[in-house]
Each structure stands twice: as C-alpha cells, then as structure tokens.
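Undergrad: Submitted below is the structure of interest, expressed as structure tokens.
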Amino acid sequence: TKSGKKGRWLMNDTGMKQVKLKFHFDEAKAQTCIEIDTKNLDKRIHIWEKLESLRSLLEKRAESPLSWEIEYQLGNGKAVSRIYDQLENVNIYDQACWKNVNSFLFSRMSVLEDFYLEYKDFLKYGK
C-alpha cells in the first residue's frame, strides 16, 4: 500500500475473523481503528497483548500516540478492544470537512493496514 493505495482496503478481510480494520465517521469524530471483536474474552486478550507488544513500533509508524482501549463500548452496547486514531470536531453531515476527513482517514488507515500486513503472521500464529 504505502502511499499509492489502489484497490480495496482490507477492512474485514484480515485473515483473522476476530480482527477488523475499520473506519468510523459520525457527527463528532472520525476514526481509523484496529478492532478485536470476539465473544471469547481469552482470545481477545491474547490478541490484544500481542498488539500491545508491538505498540512502540505501531506508534512510531503512526508518528503519534494512538488510543488503546481494551474495553471499548460500541453504540449498541457491545464491548470490543480498539486501537484507534481520532480526528475531532468534524461532522459527517458537514460537507466542508469531508476533504480533511478523507485525507485523515486515507493516511491513517494506510499506516494501520501496512502495519497489520507486516505483523499479521505474528498476530495469527505467534506465541
């Protein structure tokens, strides 16, 4: 991917059904996320700990600290684990901010996707 993204984003097609790369944009914020979503709490914690072991590498690549929430509440009340970067004070209904949000989402997801592809085997098979 690097900067010349062509084709589709990975999103749900990560090769791990518990791990998703997500965009979120609403009336207050825009986010790019790595999300761990499984009913098996032990599995969720295991994947979370692997990601945490890579935290400094990911944040160095992101060139800024990310938000790390092992217990992130979705709007429907479901708890997932989420690592995300967030742009505040934007609104999905305000067309004036779309260009800025699109640039943010593209650049930040490129970082997350490239990182995930590099460390996918460790997350999937590593001890």
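The values are calculated or read from the model by the stated rules, or taken from the named source; none is laboratory data. Small disclaimer: the values here were computed from a predicted structure and weren't measured. All Cβ positions, even for glycine, are placed from backbone atoms using ideal geometry, and neighbour counts span all protein chains on display. What goes into the accessible areas is simple: the full protein's heavy atoms, side chains included, and nothing from ligands, DNA or RNA. Shrake-Rupley method; radii C 1.70, N 1.55, O 1.52, S 1.80 Å.
Undergrad: List pairs: first in the range 61-81 and open to solvent by 60 Å² or more (accessible area, probe 1.4 Å), second polar (S, T, N, Q), Cβ under 6 Å, 6+ apart or cross-chain?
TA: Sorted first by the residue in the range 61-81, then by its partner, the pairs are ILE70/SER81.
Undergrad: Could you figure out which of (1) part of a loop (DSSP other than H, G, I, E, B); (2) without any contact (Cβ under 8 Å) to a residue 12 or more places away in the chain; (3) not basic (Lys, Arg) isn't true of TRP98?
TA: (1)
Undergrad: Looking at the range 8-39, which of the residues that are assigned to a loop (DSSP other than H, G, I, E, B) and open to solvent by 70 Å² or more (accessible area, probe 1.4 Å) is modelled with the lowest pLDDT?
TA: Among them, the one singled out is ARG8.
Undergrad: Would you be able to tell me the number of residues in the range 82-119 that are within 23 Å of GLY15 (Cα to Cα) and open to solvent by less than 60 Å² (accessible area, probe 1.4 Å)?
TA: Result for the range 82-119: 16.
Undergrad: So GLU52 fits all but one of (1) in a loop (DSSP other than H, G, I, E, B); (2) out of contact with any Lys or Arg (no Cβ under 9 Å at 6 or more places or on another chain); (3) open to solvent by 50 Å² or more (accessible area, probe 1.4 Å); what number is the exception?
TA: Of everything listed in (1) in a loop (DSSP other than H, G, I, E, B); (2) out of contact with any Lys or Arg (no Cβ under 9 Å at 6 or more places or on another chain); (3) open to solvent by 50 Å² or more (accessible area, probe 1.4 Å), GLU52 misses just condition (1).
Undergrad: ASP42 versus (1) open to solvent by 50 Å² or more (accessible area, probe 1.4 Å); (2) assigned to a loop (DSSP other than H, G, I, E, B): which is the lone unmet condition?
TA: Failing condition for ASP42: (2).
Undergrad: May I pose another question? VAL90 versus (1) farther than 19 Å from LYS120 by Cα; (2) not in a loop (DSSP other than H, G, I, E, B): which is the lone unmet condition?
TA: (2)
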